[in-house]
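So the structure is just underneath, and the comments pick up after that.
The values are calculated or read from the model by the stated rules, or taken from the named source; none is laboratory data. The structure presented is a predicted model; accordingly, all values stated were derived computationally and were not measured. Here Cβ is always computed from backbone atoms with ideal geometry, including for glycine, and neighbour counts include all displayed protein chains. Quick note on the areas: whole protein, heavy atoms, side chains included, nothing else; ligands and nucleic acids left out. Shrake-Rupley method; radii C 1.70, N 1.55, O 1.52, S 1.80 Å.
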Amino acid sequence: MKKARRGGFLVGIIVAVLLTLLRWFDPQPLQDLRAASLDFYQRLAPRPAIETPVTVLAIDEASLKVQGQWPWPRHKLAELNARLLELGAASVSYDILFAEADRLSPATIGRDLGLSDPRLLAALRDGDADFAAAIAGQPVALAFTDTPGQGALPPVKAGFAVSGEEVASGLTSVTAAILPLPALADSASGLGHISLSGQQAGSTVREVPLLMAGGDNLYPALLLEALRLGAGASTYLVQGDPAYAGQMQSLRVADFVVPTDERGQFRFYAAPGNTVPMVSAAAVLSGEADAEKIAGSIVLVGVTAAGLQDIRVTPLGQAVPGVNIHAQVISQIMTGQFLNRPAWVDGAEVLAIAALSVLLVSIASFIGPLAGLVAAGLLMAMIAGLCWYLFSALGLLVDPVAPIGGALLTVFATTAFWYIVIERQRVYIRQAFGRYVSPTLLARIEQSPEALRLGGVNREITVLFMDIRGFTTLSEALSPQETIRFLNTVHGALSVPVVELDGTLDKYIGDSIMAFWNAPLDVGEHAAKAAEAALRMRQAMAGLNAAGAFGLPEGQQVRIGIGIHTGVACVGNVGTQSRLNYSAVGDTVNTAARIEAACKDFATDILVSAETARRIPRFRKRPAGEVQLRGKSHAEQVFFLDGRPEHAEAENDLP
């Protein structure tokens with residue numbers, strides 16, 4: 001048992017170390033599992049919808065039906081922009097890339113047709129020029145997106161003031177960008193990237209990069225530019241870590257302070273459904289739009305028609321247009337509903353896995369596997385409750401899955417090893433003792449398997465030998481098959497009392513039985529139990545003879561002799577690890593065998609030694625005389641065993 005516990009503890013510690021290292025290196029599958037567990041918080045408690053001055057101008061199916069397929073001519077977008085500003089929009093931002101010239105512009109069509117007259121081309125309407133004129137000097141922001149490779153970088157429209165150490169080295173890097181047409185980029189008051197992925201993995205939008213870095217410049221997200229222009233601000237205040245370079249802490253735009261992680265990413269807290277007001281572009285162009293939804297609002301223009309493929313997935317598992325996520329993030333910033341996962345949380349989770357695993361392995365190994373499982377269940381509930389409280393009360397994102405999973409895996413590994421070893425011991429014990437001891441004693445042995453180690457210990461035991469009188473003569477009249485049946489009948493009947501009275505059947509030696517009490521485990525009143533077993537053997541043999549169980553001629557009976565002695569003997573496993581026999585050896589065993597042999601000299605069936613007789617005062621017994629044992633300098637006094645305690649005399653028969 002102790003060996004199993006030590007082995008289980010070692011296995012658990014090894015598993016705990018491996019799981020701690022796994023969390024430390026944090027491979028992608030583990031990151032995905034953690035992201036899913038943190039998403040589950042939001043699904044249980046999504047961000048409450050609070051009304052904010054943010055509106056999505058949707059280029060939806062209705063707009064495409066009225067105005068024609070996308071993309072629209074830029075002069076139509078110029079008209080749309082003018083209508084929005086007339087309705088009082090605080091700012092207008094386009095979640096649309098204008099990287100190519102307007103193919104539907106009359107000037108573009110003329111050039112494509114080969115017109116070369118400058119005056120004629122100048123007379124043709126230029127949609128890009130119309131759109132540039134419409135946004136010039138207005139609170140309008142356009143979009144760019146980063147692209148692999150080296151190339152042009154966007155101009156910076158806003159000012160940046162950095163407090164603390166520099167942050168650019170830790171941000172998502174921009175080495176090339178897909179930019180709006182130069183005329184449009186120059187006319188726009190704001191320019192921001194539209195990436196919703198940054199450095200995160202997976203398709204679900206969880207962390208939105210607010211800033212990117214390229215060269216010596218910082219570039220804001222389009223949603224920040226929309227907020228900046230709507231609030232009438234010109235500069236961003238960036239807070240870096242006071243002690244460590246490349247670690248951003250927060251960003252301030254106008255009156256809004258936005259917490260970020262060290263990489264400049266903002267944790268998206270999704271609200272269910274369409275919590276941001278949406279207005280169809282067709283309604284604005286036709287003059288039917290609700291002016292209250294536009295006036296004073298930060299307006300984000302984007303395509304929402306399903307066929308245009310600008311669909312993203314939120315932590316709630318909902319598929320929404322990308323422009324809707326930009327709008328939700330602005331609304332989240334304005335209402336101050338923040339989620340945070342500081343850098344120290346990763347280290348805390350690693351330490352939690354290590355500490356909880358060691359604790360549970362210790363409990364499972366040294367108290368018991370059931371205690372380990374109960375403790376694991378309680379700790380699992382406590383961790384889940386604590387993590388939920390940190391999320392719901394403080395907006396702090398702590399992953400419960402890694403600590404809980406790591407702790408459970410270690411306690412299960414410990415318990416599994418423990419049970420495998422114990423079960424192997426139990427199988428061995430049942431194979432070795434199942435037919436030779438009582439079920440009660442067998443269960444006790446299973447709880448103390450260390451008693452069965454190779455080698456022996458000196459213990460006080462009571463040894464019983466039984467032998468069939470005249471077996472040689474009887475066997476001469478029997479065939480080999482009949483002899484086996486005869487022995488099986490005798491041994492089967494006379495072994496029962498030994499097992500019932502917590503004795504250990506050592507061996508069958510031809511026509512003899514050797515048994516002993518008080519090993520491998522302590523047995524109370526072992527001498528009395530051996531005496532009772534001898535009396536029951538006498539009764540069993542009388543019953544077999546009366547029933548004619550041996551098929552002998554009428555009047556012929558089988559007789560037995562039983563000798564019992566109590567003393568110290570060496571008991572334990574004798575043999576090798578592959579073939580063991582649990583037995584007792586020593587002078588006590590030899591004495592019991594000699595006493596059994598003396599039954600013939602005293603013409604009786606049961607004799608006990610003086611030491612055994614002294615330990616069974618309430619049994620009925622009579623002095624029989626002395627037996628001279630071979631190799632002994634003195635004779636051994638022996639006693640007849642006549643009856644059970646209920647027939648005993650009131651006085652002690654011993655002198």
- [ ] Give 105, 93 a once-over and let me know the one that is at pLDDT below 70 and polar (S, T, N, Q).
- [x] 105
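Sort through 208, 279 and tell me the only one that's part of a strand (DSSP E or B), open to solvent by less than 30 Å² (accessible area, probe 1.4 Å) and either touching a Cys at 6+ places or on another chain (Cβ under 6 Å) or under 20 Å from residue 84 (Cβ atoms) (or both).
Values: 208 fails: either touching a Cys at 6+ places or on another chain (Cβ under 6 Å) or under 20 Å from residue 84 (Cβ atoms) (or both).
Within the list 208, 279, the selection yields 279.
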Open item on the list: Checking the condition modelled with pLDDT of 90 or more, within 60 Å of the chain's Cα centre (by Cα), open to solvent by less than 60 Å² (accessible area, probe 1.4 Å) and farther than 28 Å from residue 632 by Cα, which residue from 580, 535 passes?
Closed with: 535
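Each row is one residue, and each column tells you yes or no for (1) within 23 Å of residue 584 (Cα to Cα); (2) open to solvent by less than 30 Å² (accessible area, probe 1.4 Å); (3) of a type outside the set (A, V, I, L, M).
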{"position": "469", "(1), (2), (3)": "no, no, yes"}
{"position": "473", "(1), (2), (3)": "no, no, yes"}
{"position": "479", "(1), (2), (3)": "no, no, yes"}
{"position": "484", "(1), (2), (3)": "no, no, no"}
{"position": "488", "(1), (2), (3)": "no, no, yes"}
{"position": "495", "(1), (2), (3)": "yes, yes, yes"}
{"position": "500", "(1), (2), (3)": "yes, no, yes"}
{"position": "513", "(1), (2), (3)": "yes, yes, no"}
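Which of the residues belonging to the range 518-532 are within 12 Å of residue 465 (Cα to Cα) and under 54 Å from the mean Cα position of the chain (by Cα)? Outline the logic, then answer.
Of the range 518-532, the ones within 12 Å of residue 465 (Cα to Cα) are 530-531.
Within the range 518-532, just 530 meets the criteria.
For residue 271, state whether it is open to solvent by less than 60 Å² (accessible area, probe 1.4 Å), of a type in the set (A, V, I, L, M), in a loop (DSSP other than H, G, I, E, B) and at pLDDT 90 or above.
Details: open to solvent by less than 60 Å² (accessible area, probe 1.4 Å): yes; of a type in the set (A, V, I, L, M): yes; in a loop (DSSP other than H, G, I, E, B): yes; at pLDDT 90 or above: yes.
Yes: the conditions hold for residue 271.
I need a count of the residues in the range 211-245 that are hydrophobic (A, V, I, L, M, F, W, C) and part of a strand (DSSP E or B).
Looking only at the range 211-245, we keep the residues that are hydrophobic (A, V, I, L, M, F, W, C), and these are 211-213, 218, 221-224, 226-227, 229, 231, 233, 237-238, 243, 245.
Imposing the further condition that a residue be part of a strand (DSSP E or B) reduces the set to 211-213, 218, 221, 237-238.
Matching residues across the range 211-245 total 7.
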Task: Candidates 506, 522, filtered to the one that is within 30 Å of residue 620 (Cα to Cα), acidic (Asp, Glu) and open to solvent by less than 20 Å² (accessible area, probe 1.4 Å) - done: 506
Task: Matching residues in the range 611-637 - criterion: being touching an Asp or Glu at 6+ places or on another chain (Cβ under 7 Å) and either within 19 Å of residue 533 (Cβ to Cβ) or among the hydroxyl-bearing types (Ser, Thr, Tyr) (or both) - done: 620, 621
Open item on the list: Let me confirm something: among 441, 397, 464, which residue is at pLDDT 90 or above, surrounded by 19 or more Cβ atoms within 10 Å (Cβ to Cβ) and closer than 30 Å to residue 590 by Cβ?
Closed with: 464
Task: Residues of the range 315-337 classified as part of a loop (DSSP other than H, G, I, E, B) and buried (at least 23 other Cβ atoms within 10 Å of the Cβ), total - done: 1
- [ ] Output the number of residues of the range 228-249 satisfying the condition of being under 43 Å from the mean Cα position of the chain (by Cα) and under 22 Å from residue 52 (Cα atoms).
- [x] 0
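Report, by residue number, each residue of the range 246-268 that is part of a loop (DSSP other than H, G, I, E, B) and closer than 12 Å to residue 227 by Cβ. Before you say what the answer is, go through the steps one by one.
Restricting attention to the range 246-268, the residues satisfying the condition of being part of a loop (DSSP other than H, G, I, E, B) are 246-247, 254-255, 260-264, 268.
Matches in the range 246-268: 254, 255.
Here is a check on your reading of the model: is residue 546 of a type in the set (Gly, Ala, Ser), within 16 Å of residue 641 (Cβ to Cβ) and either buried (at least 16 other Cβ atoms within 10 Å of the Cβ) or over 60 Å from the mean Cα position of the chain (by Cα) (or both)? Show your work before the answer.
Values: of a type in the set (Gly, Ala, Ser): yes; within 16 Å of residue 641 (Cβ to Cβ): no; either buried (at least 16 other Cβ atoms within 10 Å of the Cβ) or over 60 Å from the mean Cα position of the chain (by Cα) (or both): yes.
Spelling it out, it is not the case that residue 546 is of a type in the set (Gly, Ala, Ser), within 16 Å of residue 641 (Cβ to Cβ) and either buried (at least 16 other Cβ atoms within 10 Å of the Cβ) or over 60 Å from the mean Cα position of the chain (by Cα) (or both).
Just to be sure before I move on: is residue 218 touching a Ser or Thr at 6+ places or on another chain (Cβ under 8 Å), hydrophobic (A, V, I, L, M, F, W, C) and crowded, with 18+ Cβ neighbours inside 10 Å in the structure I sent? Step through it out loud before you land on a result.
Details: touching a Ser or Thr at 6+ places or on another chain (Cβ under 8 Å): no; hydrophobic (A, V, I, L, M, F, W, C): yes; crowded, with 18+ Cβ neighbours inside 10 Å: yes.
So residue 218 does not fit the description; no.
Please go through the range 455-485 and pick out each residue that is under 60 Å from the mean Cα position of the chain (by Cα) and hydrophobic (A, V, I, L, M, F, W, C). Before the answer, list the steps.
Here is the first cut: in the range 455-485, the residues under 60 Å from the mean Cα position of the chain (by Cα) are 455-466, 484-485.
Those that are under 60 Å from the mean Cα position of the chain (by Cα) and hydrophobic (A, V, I, L, M, F, W, C): 457, 461, 463, 464, 465, 466, 484.
Out of curiosity, is residue 286 in contact (Cβ under 8 Å) with a residue 60 or more places away in the chain and open to solvent by less than 30 Å² (accessible area, probe 1.4 Å)?
On the way: in contact (Cβ under 8 Å) with a residue 60 or more places away in the chain: yes; open to solvent by less than 30 Å² (accessible area, probe 1.4 Å): no.
Here the answer is no, as residue 286 does not meet what is asked.
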Open item on the list: Any residue at all in the range 171-190 that's outside any loop (DSSP other than H, G, I, E, B), open to solvent by 40 Å² or more (accessible area, probe 1.4 Å) and in contact (Cβ under 8 Å) with a residue 60 or more places away in the chain?
Closed with: yes
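For the range 159-170, which residues satisfy the criterion of being in a loop (DSSP other than H, G, I, E, B) and either open to solvent by 60 Å² or more (accessible area, probe 1.4 Å) or hydroxyl-bearing (Ser, Thr, Tyr) (or both)? Outline the logic, then answer.
Keep residues of the range 159-170 that are in a loop (DSSP other than H, G, I, E, B), which gives 164-167.
Answer for the range 159-170, where residues must be in a loop (DSSP other than H, G, I, E, B) and either open to solvent by 60 Å² or more (accessible area, probe 1.4 Å) or hydroxyl-bearing (Ser, Thr, Tyr) (or both): 165, 166.
Among the helices (runs of 4 or more DSSP H) confined wholly to the range 1-94, which include 1 or more residues that are open to solvent by less than 30 Å² (accessible area, probe 1.4 Å), on the phi < 0 side of the Ramachandran plot and touching a strand residue (DSSP E or B) at 6+ places or on another chain (Cβ under 8 Å)? It would help to see each step written out before you state the result.
On the way: elements: 2-25, 28-44, 61-67, 74-86.
Hits in the range 1-94: 28-44, 61-67, 74-86.
Check the range 250-258 and report whether any residue there is touching a His at 6+ places or on another chain (Cβ under 6 Å), modelled with pLDDT of 95 or more and buried (at least 16 other Cβ atoms within 10 Å of the Cβ). Break it down stepwise before answering.
As a first pass, look at the range 250-258 and keep what is touching a His at 6+ places or on another chain (Cβ under 6 Å): none.
Scanning the range 250-258, I find no residue that is touching a His at 6+ places or on another chain (Cβ under 6 Å), modelled with pLDDT of 95 or more and buried (at least 16 other Cβ atoms within 10 Å of the Cβ), so the answer is no.
To keep it simple, each residue is scored yes or no on (1) under 20 Å from residue 100 (Cα atoms); (2) under 49 Å from the mean Cα position of the chain (by Cα).
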residue	(1), (2)
130	yes, no
141	yes, yes
144	yes, yes
162	no, yes
166	no, yes
171	no, yes
177	yes, yes
189	yes, no
Open item on the list: Checking the structure you have, find out if any residue of the range 372-379 is closer than 30 Å to residue 274 by Cβ and under 30 Å from the mean Cα position of the chain (by Cα).
Closed with: no
- [ ] Go through the residues of the range 567-577 one by one and say whether even a single one is hydroxyl-bearing (Ser, Thr, Tyr), buried (at least 20 other Cβ atoms within 10 Å of the Cβ) and farther than 18 Å from residue 502 by Cα.
- [x] no
Task: Search result, residues across the range 338-381 that are touching a residue at least 60 places away in the same chain (Cβ under 8 Å), more than 25 Å from residue 420 (Cβ to Cβ) and either of a type in the set (Phe, Trp, Tyr) or open to solvent by 40 Å² or more (accessible area, probe 1.4 Å) (or both) - done: 338, 340, 343, 346
